[in-house]
Amino acid sequence: MLRFIAIRVLAAIPVLLILSVVTFGIIKAQPGDYADYLKSQLMMQGNMSNADAEKQANAYREAHGLNGPLPLQYLHWITGIVTRFDFGDSFYYNKPVAQIVEERLSRTILLALTCHLLASLIGITLGIVAATRQYSWVDTLFGFISFLGMTIPRFLLAIIIIYILAFHLNVQEIGSFFSAKYGGAPWSWDKFVDLVKHIWPVVFIATFGGLAYNMRVMRGNLLDVLKTQYVETARAKGLRESAVVMRHAVPNALHPLVAYQGVVLPYMLTGEVEVAIVFGLPTVGPAIVGSLNVGDVWVTATFMLVLAATLIVGNIISDILLALLDPRVRLGGAAA
């Protein structure tokens with residue numbers, strides 16, 4: 001098993017390096033940089049002439065290495081990450097990028113994992129219920145719910161919820177994790193309840209799409225498994241239908257969902273990112289958009305690399321889970 005995990009981890013390293021090159025190239029391909037943003041600020045707020053602002057911008061590029069060749073900029077960035085775990089400094093926030101990532105990413109991952117747990121538990125449960133009641137009104141209702149969850153854009157659902165909260169329910173504090181009185185207060189039950197009141201729309205929207213996929217996949221897989229010969233044999237032995245379903249059919253129907261864990265973490269992260277941008281929550285999504293707007297390249301590149309790394313980590317986790325569930329996967333990986 002350790003050899004299987006080591007092979008998967010070693011294979012992920014070159015993939016992550018390639019992703020870092022692609023990510024950095026895409027970000028630097030857009031015109032402009034933070035010096036251009038600085039120039040515009042000097043002209044609009046400092047009443048500086050175009051020539052003087054351009055001179056200040058060029059000096060800033062020279063001091064921060066923004067006018068160097070792209071390969072050298074990339075090597076400087078990736079070398080700092082590999083050798084010192086240094087992601088560079090943010091031009092806009094004027095502090096290390098690692099500190100920004102730590103502040104934003106922890107909240108994002110907690111939200112994403114919460115959404116993933118709820119989507120998995122609810123989706124799989126509803127999928128089992130729908131499959132065991134095929135073509136009933138329950139199956140039809142759950143199918144309609146999954147259709148809505150997989151077709152309604154998350155940003156549209158977020159806008160609708162914001163409209164209802166702001167104009168019909170008169171909710172004033174939107175776009176924050178806590179009310180003003182709980183912002184710097186120590187953790188308590190009241191603060192936790194206040195947190196739930198603020199983040200439930202994000203959790204609901206991200207969970208809704210995830211549970212729709214889990215429900216559809218679980219229903220389809222379970223229906224196929226229930227038609228297999230060993231399930232019919234279990235029924236012929238006189239086992240209760242609930243025991244046949246939960247003990248024999250469900251574990252085998254879970255294989256595709258376990259494999260899906262390789263992409264579910266990035267899916268939940270992007271779902272949280274998309275909704276958080278609409279709500280303006282201080283998580284990864286607004287940070288990426290804000291850094292792109294001002295040309296804060298190290299912040300954008302680091303966040304995009306982290307999101308890409310979650311895809312690799314998710315696939316490794318799914319491989320391990322599949323290996324534990326099915327020894328044939330582990331033996332195949334070891335033989336490879």
Do you know which residues across the stretch 225-239 are of a type outside the set (A, V, I, L, M) and under 21 Å from residue 256 (Cβ atoms)?
227, 228, 229, 230
Is it the case, given these coordinates, that residue 108 is in contact with a helix residue (DSSP H, G or I) (Cβ under 7 Å, 6 or more places away or on another chain), of a type in the set (S, T, N, Q) and assigned to a helix (DSSP H, G or I)?
yes
From 100, 164, 145, 124, grab the single residue that is assigned to a helix (DSSP H, G or I), open to solvent by 70 Å² or more (accessible area, probe 1.4 Å) and of a type in the set (Val, Ile, Thr).
164
Return the total of residues in the stretch 35-82 being among the β-branched types (Val, Ile, Thr) and surrounded by 15 or more Cβ atoms within 10 Å (Cβ to Cβ).
2
Sole residue being farther than 24 Å from residue 125 by Cβ and either exposed (fewer than 11 other Cβ atoms within 10 Å of the Cβ) or modelled with pLDDT of 90 or more (or both), chosen from 191, 181
181
Keeping to the stretch 262-318, report how many residues are of a type in the set (Ser, Thr, Tyr), part of a helix (DSSP H, G or I) and either at pLDDT below 80 or under 15 Å from the mean Cα position of the chain (by Cα) (or both).
5
Members of the stretch 83-97 found to be surrounded by 15 or more Cβ atoms within 10 Å (Cβ to Cβ) and part of a helix (DSSP H, G or I), listed by number
97
Residue 247: over 23 Å from residue 323 (Cβ atoms) and in a helix (DSSP H, G or I), yes or no?
no
Please go through the stretch 197-228 and give me each residue that is of a type in the set (Val, Ile, Thr), surrounded by fewer than 19 Cβ atoms within 10 Å (Cβ to Cβ) and under 18 Å from residue 122 (Cα atoms), ordered by number.
203
Six or more apart or on different chains, Cβ atoms under 7 Å: show the pairs whose first residue is in the stretch 174-199 and more than 16 Å from residue 158 (Cα to Cα) and whose second is outside any helix (DSSP H, G or I) and polar (S, T, N, Q).
194/179
Working only within the stretch 148-161, note down all residues that are part of a helix (DSSP H, G or I) and not polar (S, T, N, Q).
148, 149, 150, 154, 155, 156, 157, 158, 159, 160, 161
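Give 114, 83 a once-over and let me know the one that is under 23 Å from residue 275 (Cα atoms), hydroxyl-bearing (Ser, Thr, Tyr) and modelled with pLDDT of 85 or more.
114
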Selection status of residue 17, in contact with a helix residue (DSSP H, G or I) (Cβ under 8 Å, 6 or more places away or on another chain), among the hydrophobic types (A, V, I, L, M, F, W, C) and either surrounded by 15 or more Cβ atoms within 10 Å (Cβ to Cβ) or assigned to a helix (DSSP H, G or I) (or both):
yes
Got a number for residues in the stretch 127-140 being surrounded by 13 or more Cβ atoms within 10 Å (Cβ to Cβ), part of a helix (DSSP H, G or I) and either of a type outside the set (Val, Ile, Thr) or touching a residue at least 40 places away in the same chain (Cβ under 8 Å) (or both)?
6
Close pairs (9 angstrom Cβ cut-off, 6 or more residues apart or separate chains): of a type in the set (Val, Ile, Thr) in the stretch 96-107, surrounded by fewer than 20 Cβ atoms within 10 Å (Cβ to Cβ) and part of a helix (DSSP H, G or I) anywhere
101/306
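The values are calculated or read from the model by the stated rules, or taken from the named source; none is laboratory data. If you're wondering where the values come from, they're calculated on a predicted model, not measured in any experiment. Cβ atoms come from the backbone with ideal geometry, glycine included; neighbour counts cover every protein chain shown. Heads up: the accessible areas ignore ligands, DNA and RNA and are worked out on the full protein's heavy atoms, side chains in. Shrake-Rupley method; radii C 1.70, N 1.55, O 1.52, S 1.80 Å.
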